[in-house]
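First comes the structure, then the notes that go with it.
The values are calculated or read from the model by the stated rules, or taken from the named source; none is laboratory data. Since the model is a prediction, treat every value here as computed from it, not as a measurement. All Cβ positions, glycine included, derive from the backbone under ideal geometry; neighbour counts span all protein chains shown. Keep in mind that these areas ignore ligands, DNA and RNA; they rest on the heavy atoms of the full protein, side chains included. Shrake-Rupley method; radii C 1.70, N 1.55, O 1.52, S 1.80 Å.
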Amino acid sequence: MLYGSETGPGKPASTITQNTKGVPGVNEDGDAFGASLSVGDVDGDGCADVAVGVPGEGLERGGKNLDDVGAVVLLKGSWKGLTGEGATAVDQDTAGVPGVAEAGDEFGQAVSLRDIGADGRTSLVAGAPGEDTDAADTGAVWMLPQGKPGGARAVNPGDLGRTGNEDARFGAGFGR
């Protein structure tokens, strides 16, 4: 990343990975850290925060490895720039997030930081195209107010009156 200044590009580029101090997780083959990115001020401090999709993130549960569960890492911006300090991660096994993390969900395949409620608050929106609903991998989208799990909601094609099989817009991959 290259920081901006009043006169254009400023500070030298820096690289943030899952091995950066303070960033949850560890770099592993196939994690796809950074597969999707979005910038916005989640905590209202006037500094840009970055949502980082990690759709290939795995998870171990009950001694079993689940591949491509996915996660989103929220990097907190500061007046000194972006670092790993204060970073948080969220996935479907995070308390307050609807659903259950399963292999192949790819939570975080798409991320967006936006003011969904037009109330001046930035929310995290995360898609999981492999989320299975009603025995089909139709995908789903989650909205987390201010990037926090509390109050999180999920939407899938069935919630929109679609089966996921009736037209290409609502087929497998919803949330991509």
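Here are a few things to note about the model shown:
- Test: residue in region 57-72 that is under 18 Å from A154 (Cα atoms) and small (G, A, S): yes
- For region 28-44, residues that are open to solvent by 20 Å² or more (accessible area, probe 1.4 Å), in contact (Cβ under 8 Å) with a residue 12 or more places away in the chain and assigned to a loop (DSSP other than H, G, I, E, B) total 9.
- Restricting region 127-143 to residues that are open to solvent by less than 40 Å² (accessible area, probe 1.4 Å) and at pLDDT below 75, the residue that is nearest to G108 (Cα to Cα): T133
- Among the residues of region 50-105, those identified as open to solvent by less than 50 Å² (accessible area, probe 1.4 Å), assigned to a loop (DSSP other than H, G, I, E, B), touching a Gly at 6+ places or on another chain (Cβ under 9 Å) and under 20 Å from A32 (Cβ atoms) are P55, G56, E57, G58, V69, G84, A87, D91, Q92, A101, G104, D105.
- Between A13, A32, A51, the distinction of being at negative phi and modelled with pLDDT of 95 or more belongs to A51 only.
- Unique residue being in a loop (DSSP other than H, G, I, E, B), over 17 Å from G40 (Cβ atoms), at pLDDT below 90 and open to solvent by 40 Å² or more (accessible area, probe 1.4 Å) when the list is R169, R176: R176
- When we screen Q109, Q92, Q146 for residues that are at pLDDT below 85 and closer than 21 Å to V23 by Cβ, the only hit is Q146.
- Pairing residues of region 73-97 that are within 12 Å of A152 (Cα to Cα) and among the aromatic types (F, W, Y) with residues that are part of a loop (DSSP other than H, G, I, E, B) and open to solvent by 50 Å² or more (accessible area, probe 1.4 Å), at Cβ distances under 9 Å and at least 6 apart in sequence or on separate chains, gives no pairs at all.
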